[in-house]
Each structure stands twice: as C-alpha cells, then as structure tokens.
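A.B. asks: Let me give you the structure first, and then I'll get to my questions.
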Amino acid sequence: MSVQVVSAAAAAKVPEVELKDLSPSEAQPQLALSTAAVSAMAPAAGGGDPEAPAPAGERPPAPGPGSGPAAAALSPAAGKVPQASAMKRSDPHHQHQRHRDGGEALVSPDGTVTEAPRTVKKIQFADQKQEFNKRPTKIGRRSLSRSISQSSTDSYSSAASYTDSSDDETSPRDKQQKNSKGSGDFCVKNIKQAEFGRREIEIAEQEMPALMALRKRAQGEKPLAGAKIVGCTHITAQTAVLMETLGALGAQCRWAACNIYSTLNEVAAALAESGFPVFAWKGESEDDFWWCIDRCVNVEGWQPNMILDDGGDLTHWIYKKYPNMFKKIKGIVEESVTGVHRLYQLSKAGKLCVPAMNVNDSVTKQKFDNLYCCRESILDGLKRTTDMMFGGKQVVVCGYGEVGKGCCAALKAMGSIVYVTEIDPICALQACMDGFRLVKLNEVIRQVDIVITCTGNKNVVTREHLDRMKNSCIVCNMGHSNTEIDVASLRTPELTWERVRSQVDHVIWPDGKRIVLLAEGRLLNLSCSTVPTFVLSITATTQALALIELYNAPEGRYKQDVYLLPKKMDEYVASLHLPTFDAHLTELTDEQAKYLGLNKNGPFKPNYYRY
C-alpha cells in the first residue's frame, strides 16, 4: 500500500476539530453483542445473537436474556507483589557544624566557633542539562540550558524537560535502538529500562482482576485474531496490561501516547522489549506527538482495522491525512469526553465513516474512572507538585460532572472551602444540594487559592482571569484536553516563565505577582502523579470487550453512528470486580423477577436509568 507522507510542518498545522453544541435530545444508539463478545462473557440461560441496535433518536429496550456473569469462575490467580528491600542510612559524626547562613563552622578545642572557608558549589538542575535537538517545525525548539533563576521571555517548548532522571540528552527520534529480539520498530526513551517497567506491569496486574480474568478466559478462543489495532492512550502500566491482553486475544497492536507528559518511560521500554511497536516518551514536543502517531499509522505492509482512541487525536489524524484507511477500519472505540464530542460532530455532519463506540458514557467508565478515580488522584497530583496543605484553602472547581464531583468531594473532605461553576442547571442543583456554593468564576477569581478545570470545554480560564488571580494561585486542569486554560496567552514578552520543578512553572507578572501553573494546563493526575490501578481495570475491561464486539460484529449490524455499550456489558464488567471485595450479590427469586419484569441474570435497570 502506498501512503502519501506529509511533512512535519504540515502535520503541525492540523487544526483541531471545533467542539459544537449537541442537542440534548439526541439519544444515543445502544450497542448489541456479537457472538464473540458473548463468548468472552460468562454464559447464561436464554442467549441468542441480539438484534442490531436502533439508530440515534430511539431508546431501544433493554437487551433480552443473554450472557450472565460468572465472576467466581473467573477470579484470577493471586500473585505476589515483590517488596522493596529496606535501606539503611548511617549518620556519621562530623568535626564541624552547619553555620546559620549555610556555610561551615569549625569548633576549636576551647569552644570558639569560627567560619570555615566557604566553597561555592554550582547546582545544576535537570533543566540546565537538557537541550533539545533542533528540528525544523512551525515554532522550532528553544534551548533550555539556562540558569533556573534566569529571567526569560521565551516560550517554553512543549517538551520542557518533563523527563525522567536520565542524563541522555539525545532525542529518542535520533537514536537507533533495538530490543533483545533485534527489532527496532519502536521509539522510546531508553530500551534498557525495560526490566524496571516489567516490574511495574506485574504489580498493575494484581490490581486488574477483571482484565486478567478476561485474558485467561478468552485467550484460547482468540476473539481478536486478525485484528490490527492502532491505539493512542496514556502509556502507563495499566495500559500495558490492556495491550498485552489484546495481544493474548490475538490482536496486533501499534501504540502512541495521547498525552505528552503521561508516558512512563520504563513501561514503554518494557512494551517495546516485548515486541509491541510503541512510539512514546515522557516530554514529547508537539512535533514529536504527531510524529509518533504517524509512525503508528503510516507503516508499509500494515494497515489498522480497529482504532482505540483517548481524546480523538488519532482518529482526527487518520481522518485528515489517511482517509482511505477507513475503508478497512471496522470501528472506533473512544473513551474520553473530548473524543466523544468529536465523534458526535462527525456523525452529525454525516462524515463519520465507521461505527464508533462511546465508552466514556458507559456507566462503569463514568462512575468509576471519572468519579472515584479523580476523587483520589486530584489530591495526589496537587500534593506531589506543590506540597500544599488543603485545610482552609479556597478552591474553585469549574464543572460539576463526574470528574468535578470527585474533585469537590475530595477537597471538601480535606477541609477546603470549595466553590463550583457550572452551565448545566441540573448539575448546578446537584452541587448546591451537596453543600457547595455555585458561583461565576469572575466572582471568586481574586480570592481563591486553587483553580481546577474539569469541563472538557475551551477557554474556561482566560487571560483576564489569570491577570486577576491572587499571588501564588495554583492553576491546573483535570479535563482531558489542554484547551481549558488559555496557556497560549501567557507566552508573551511581559511575562516571565520560571521552572520550579518537573511540570511546575511560575508565571511571573511585571509587578512580581506569580501563579503556579501545573503541567502547562494538561491533565494533572496522569501528567504529575498516578491514578488508582483498580478503576483503570474497569475501563480497560470495557475497552477490551468493546473492541471484541465491534471487530466480530457481522457486516451491517452497526451503521456509521456512535453507539453506547449495552447495560448487560456494564453489569458484567462490574461483576468481575466484586470478588476483590469479597462481595456477595443477592439473587432474585423467580417470583421477584416476575414481579419486576426482569430476567434473573439481568440487565437489572432500563437503559434510561441514571445511576
């Protein structure tokens, strides 16, 4: 297959799909289950291949008797997590003591204290040691080898030293690396880190029981045999477990990162060592980001037939650069708010070429990944980057969807005073009933200590808001896209950027006021910390089942539209995780099931039910 390759400069000019309002009345078609998807799930009485789902605008009835959960039979074997060895540190007795101003002080036998000759030691930060290779792009790359205290009006490169502790200054794109099998079809920071990444993956497997159970059950049947999946997600240990599960089920995978800061270099190395073509490293530039995606897609002798996306960038790239590929692509699985918006835009405009599955709005994704995950990871991200105390701090959270709810609950529990901004009156009323004061951002912007965005929208925090913030206000984003905070407006000559630590920047105004910007406005939790593995197991299992369903669905079942997961699949994913808590479900009697009009094996709620 001959594919036209576009230049890096042209790639950098790819416009973002503008998010437009969608009519709230537009219902979403429900997904049916193929035979392969049913076989991957536990069998139950009844069964049969369900009919094709109704198109958008109709609410299909709940799926009939189908496969039911058999969680007990699918419990993964428990593994042992290796424990870190204890480290001892000695405290030697010195013949001198530390002077108050930082110098050394010598103590004579008669007790007289004199200051010792002082040696000035120059501390070299990681930012000073790293200088990016210059490559022709639209904005170019600027050298970052400068003093951390030096005032600068230059804009930071997107890859501004957000890397690991490696001393290697060479861009991964300029390296020639091979794994132990002799393959060089990957691009990671350092393939030698593979052993450390493998240990992290093994730990993640212990907290992902459903995905491991699915791998154990279905790997003999190989429901994804022949599938060629191109993925663009966060590359973490949890994603690695998903990728290796897809591989065990018969799929070939090529992967890039959906976020330039969230990749774990050692995990990417472990995947590359295992034979997965991975193109990602922590601290990519914008040019690197699109280059990595292109390397996954544009490869001789290999063409994807499935897409797994997180944010819509991969789908957008193929749509703009290689539209002919959609002739062989069977479907798209999308897990983020931003990506789902883009899919609905394409569907509404009649430009969606293949069926797509909206995993983001599945119950298990919304309630567990968005709500419970963010409830824990927001505190982790803020603590790691700022070391701040939350008690008594005034915080404004923009958006009270599932992510906003999780953030607000965590901060309130820590003693923070939390304000909420919201455009939806229903979510706004929920915030009020939960005890939060609903405000407009302009009303509190001068007094709050922390601003958190989680709307999925653009320009939620503008330059006007940033100008009015108090000194040392912390600004961060918990939404997927980096469009919520107008970071571009801060790259002006009158403002000074100062690196504090990895992914923490001071932006200093001429009068001395400064704000603390985290991850340059990108996703805080995955960029600056980690997220709970268990909730990612729920999302990853849902993604795997969605891929199995779309890949094995007979031709014509799904139209060129966006579909939701059936309730039955959500319930099955949830049931696989219950044994972890030694939880025991109550079963309906025949009489109770008849009274409620339900099948004893589910689904237990209608499609329109809101959990």
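The values are calculated or read from the model by the stated rules, or taken from the named source; none is laboratory data. Please read these numbers as outputs of a predicted model, since none were measured by experiment. As a convention, Cβ positions derive from the backbone with ideal geometry for all residues, glycine included, and neighbour counts pool all protein chains shown. Heavy atoms of the whole protein, side chains included, go into the accessibility calculation; ligands, DNA and RNA do not. Shrake-Rupley method; radii C 1.70, N 1.55, O 1.52, S 1.80 Å.
A.B. asks: As an exercise: evaluate residue 546 against (1) touching a strand residue (DSSP E or B) at 6+ places or on another chain (Cβ under 6 Å); (2) small (Gly, Ala, Ser); (3) not in a helix (DSSP H, G or I) and give the number of the one condition it does not meet.
C.D. replies: (3)
A.B. asks: For segment 277-289, give me each residue that is crowded, with 23+ Cβ neighbours inside 10 Å and over 17 Å from the mean Cα position of the chain (by Cα).
C.D. replies: 287, 288, listed by residue number.
A.B. asks: Also, quick follow-up: Between a first residue in segment 562-574 that is within 18 Å of residue 352 (Cα to Cα) and a second residue that is assigned to a strand (DSSP E or B) and open to solvent by 10 Å² or more (accessible area, probe 1.4 Å), which pairs have beta carbons less than 7 Å apart while being 6 or more apart in sequence or on different chains?
C.D. replies: 563/30; 564/30
A.B. asks: Quick check on residue 505: is it within 29 Å of residue 410 (Cα to Cα), in contact with a strand residue (DSSP E or B) (Cβ under 7 Å, 6 or more places away or on another chain) and surrounded by fewer than 18 Cβ atoms within 10 Å (Cβ to Cβ)?
C.D. replies: It is false that residue 505 is within 29 Å of residue 410 (Cα to Cα), in contact with a strand residue (DSSP E or B) (Cβ under 7 Å, 6 or more places away or on another chain) and surrounded by fewer than 18 Cβ atoms within 10 Å (Cβ to Cβ).
A.B. asks: Among residues belonging to segment 430-455 that are in contact (Cβ under 8 Å) with a residue 24 or more places away in the chain and more than 22 Å from residue 471 (Cβ to Cβ), point out the one that is nearest to the chain's Cα centre (by Cα).
C.D. replies: Checked segment 430-455; the qualifying residue nearest to the chain's Cα centre (by Cα) is 454.
A.B. asks: So if I check each of 204, 213, 218, 227, which one is open to solvent by less than 10 Å² (accessible area, probe 1.4 Å) and within 22 Å of residue 525 (Cα to Cα)?
C.D. replies: 204
A.B. asks: Can you name the number of the only condition in (1) within 26 Å of residue 249 (Cα to Cα); (2) surrounded by fewer than 24 Cβ atoms within 10 Å (Cβ to Cβ) that residue 539 fails?
C.D. replies: (2)
A.B. asks: Another question about this same structure. So if I check each of 498, 494, 520, 443, which one is within 23 Å of residue 391 (Cα to Cα), acidic (Asp, Glu) and either touching a helix residue (DSSP H, G or I) at 6+ places or on another chain (Cβ under 8 Å) or open to solvent by 10 Å² or more (accessible area, probe 1.4 Å) (or both)?
C.D. replies: 443
A.B. asks: Continuing with this model, one more query. Suppose we keep only residues that are at pLDDT 90 or above and assigned to a helix (DSSP H, G or I) within segment 549-567. Which one would you say is most open to solvent (accessible area, probe 1.4 Å)?
C.D. replies: Here the residue is 552.
A.B. asks: Moving on. Considering only residues that are small (Gly, Ala, Ser) and open to solvent by 40 Å² or more (accessible area, probe 1.4 Å), which ones fall in segment 575-598?
C.D. replies: If the condition is that a residue be small (Gly, Ala, Ser) and open to solvent by 40 Å² or more (accessible area, probe 1.4 Å), then 583, 597 are the ones that fit.
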